[in-house]
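Chemist: Please find one structure pasted underneath; my questions will follow.
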Amino acid sequence: MKRVVAIVAWLALSCAAAPATAASRTLTLGTAGAMGVYHPIGGAICRMVNVTRKAHRLRCSVEPSDGSVANIRGVLAGDLDLGIAQSDVQYYAQKGEGPFKDTPQAKLRALFSVYPELVTLVAREDANIGSVADLEGKRVGVGPAGSGTRATAQVLLAAFGLSSGDLKAAVELKFIEYPPALCGNKVDAFVLVAGHPNPAVHEAANSCATRIVPVAGPPVDALLKERPYYAKARIPARMYKGTDTAQPTFGTMASVVVSADMPDDVAYAIAKAVFDNFEDFRKLHPALASLTREEALKGNVAPLHPGAVKYFKEAGLM
């Protein structure tokens, strides 16, 4: 945990570049809460932009938010320049479904993917939760409104024939509040859609007896067949205390999203800053360690921004 905190602190300092000049432009990147992976990943992206700013005169800073839904809304409203968002939430925005019901977001664009996000169900050991179906009648942290976790939790429950009304309580928590709520017996379980290793899961596992619950079975198989932006995955064994075997689940990709209104040269410069220094970028957070340049172009449900496409073609990636 100390290592993760140190990484977050270092990235925050790295993003605090020198004051912007009159000729420069400051970009704001929406992330999520400090206990999630979005925030340090956003810091890593901003670091790559800031250390190359002499070439493009762009400065980048991270902005905590409620997550994917809030970031997409912020980008399209012009309150954010960039945001990180799950690919399934991108799909809802494109189609006008879920949290974007009846309002398709035609201007949503993607720059690149950054890492896989896995549906993670963490339960207190004494809560007797061995599957998603066991959440019925339980107190469950479903994530804050505006988060991708909240949207995915609703989809997950529906796949098992459940809704928020079938829970004893659907508790809206910020990600930093998950571990103390679980270990303080205020909730029986929480859902998180995140990259791993994850500091919130680590804190919960190290604070009380917990288990990572398998998210699998015919309901998940049917869900994945219906929604191709999901794929089966496994949370590694022994990554967290109390989880000695790999646990099946499914996941999506987290991507950097922008508006179609972003100038092409800005989108180009961001892509170049990251991919020209890709090995340095991958070292900035454990969730990025296995990412390849080719994988970074997959999982983007929203169309790629033309500025990013120009860079990727020049770099021989398209």
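Chemist: Over the stretch 118-252, what is the relative contact order in whole percent, taking alpha-carbon pairs under 8 Å and six or more residues apart?
Modeler: 33 percent
Chemist: At R0 = 25 Å, how high is the FRET efficiency between residue 298 and residue 246 if r is their beta carbon distance? Nearest 0.05 is fine.
Modeler: Plugging the Cβ-Cβ distance into 1/(1 + (r/R0)^6) gives 0.65.
Chemist: Rounded, prolate or oblate for the chain? Axes are the square roots of the Cα gyration tensor eigenvalues, ordered a ≥ b ≥ c, and the cut-off for rounded is a/c under 1.5.
Modeler: Prolate, because a/c is 1.5 or more and a/b exceeds b/c.
Chemist: Using just the helices of the chain, give the 222 nm mean residue ellipticity in deg cm²/dmol: DSSP H runs with n ≥ 4 each add -39,500 (n - 2.57), and the total is spread over all residues, rounded to 500.
Modeler: -10000 deg cm²/dmol
Chemist: Which whole-Hz couplings ³J(HN,Hα) result when phi for each residue of the stretch 114-124 is put into the Karplus expression 6.51 cos²θ - 1.76 cosθ + 1.60, θ = phi - 60°, listed in order with x for Gly and Pro?
Modeler: Per residue, the Karplus-derived 3J(HN,Hα) values read 10, 5, x, 10, 10, 5, 10, 10, 10, 10, 6 Hz.
Chemist: What are the ³J(HN,Hα) couplings of the stretch 234-250, residue after residue, when phi is run through the Karplus curve with 6.51, -1.76, 1.60 and θ = phi - 60°? Round to Hz, x for glycine and proline.
Modeler: Those phi angles translate into 9, 8, x, 5, 6, 6, 10, 4, x, 10, 8, 10, 4, 10, x, 7, 9 Hz.
Chemist: With label points built 7 Å along Cα→Cβ from the Cα atoms of residue 26 and residue 222, find their separation and express it in nm.
Modeler: Going by the 7 Å Cα→Cβ label model, 5.1 nm.
Chemist: Same structure, new question: Using a ≥ b ≥ c from the Cα gyration tensor of the stretch 213-318 (square roots of the eigenvalues), is it rounded, prolate or oblate, where a/c under 1.5 gives rounded and otherwise the larger of a/b and b/c decides, a/b for prolate?
Modeler: oblate
Chemist: Follow-up question, since we're still on this one. Here is the link list: 138/225; 54/174; 225/272; 95/283. Which ones come out longer than 30 Å on Cα distance?
Modeler: Too far apart for the 30 Å limit: 54/174; 225/272; 95/283.
Chemist: Same structure, new question: How large is the dipole of the stretch 118-252 about the Cα centre if only Lys and Arg carry +1 and Asp and Glu carry -1, each at its Cβ, rounded to the nearest 20 debye?
Modeler: With only Lys, Arg, Asp and Glu charged at Cβ, the dipole is about 220 debye.
Chemist: On to the next question. Taking a spot 7 Å from the Cα of residue 103 along the direction of its beta carbon, which residues of the stretch 249-263 have an amide N less than 18 Å from it?
Modeler: 258-261, by backbone N distance to the label point.
Chemist: Based on other C-beta atoms within 10 Å, arrange 285, 56 from fewest to most.
Modeler: Lowest to highest Cβ neighbour count: 56, 285.
Chemist: Tell me the relative contact order for the stretch 25-73 as a rounded percent, counting alpha carbon contacts under 8 Å between residues six or more apart.
Modeler: Rounded, it is 51 percent for the stretch 25-73.
Chemist: Taking the simple approach of a point 7 Å from Cα along Cα-to-Cβ for both residue 283 and residue 54, what is their distance in nm?
Modeler: Modelled inter-label distance: 2.0 nm.
Chemist: Run through the stretch 47-127 and list the trypsin sites (Lys or Arg not before Pro) located in a DSSP loop whose Cβ has at most 15 other Cβ atoms within 10 Å.
Modeler: 57, 101, 107
Chemist: List the aspartates and glutamates whose Cα lies under 20 Å from the Cα of residue 232, skipping any in the same chain that are fewer than 8 positions away.
Modeler: 88, 117, 221, 244, 294, 295
Chemist: Something else now. Suppose R0 equals 51 Å. What FRET efficiency, 1/(1 + (r/R0)^6) with r the Cβ-Cβ distance, do residue 261 and residue 234 give to the nearest 0.05?
Modeler: For residue 261 and residue 234, the calculated efficiency is 0.85.
Chemist: For residue 60, what residues show an amide H to amide H distance below 5 Å, using hydrogens built from the backbone and excluding near sequence neighbours?
Modeler: Long-range HN contacts for residue 60: 27, 50.
Chemist: Follow-up. Where does each of 234, 150, 139 land when they are ranked from fewest to most other beta-carbon atoms within 10 angstrom?
Modeler: 234, 139, 150
Chemist: Which three semi-axes in whole Å describe the equivalent ellipsoid of the stretch 118-252, each the square root of 5 times a Cα gyration tensor eigenvalue, listed largest first?
Modeler: Three semi-axes, in Å: 20, 17, 14.
Chemist: Oh, and also: Can you list the residues, at least 5 places off or on another chain, whose amide H is less than 5 Å from the amide H of residue 171, using H built in the peptide plane?
Modeler: Distant-sequence amide H within range of residue 171: 140, 141, 142.
FYI, it's all coordinate maths here, none of it is from the lab. Predicted, not measured: the structure shown is a model, and the values here were computed from it. Positions of Cβ are backbone-derived with ideal geometry, glycine not excepted, and every protein chain shown enters the neighbour counts.
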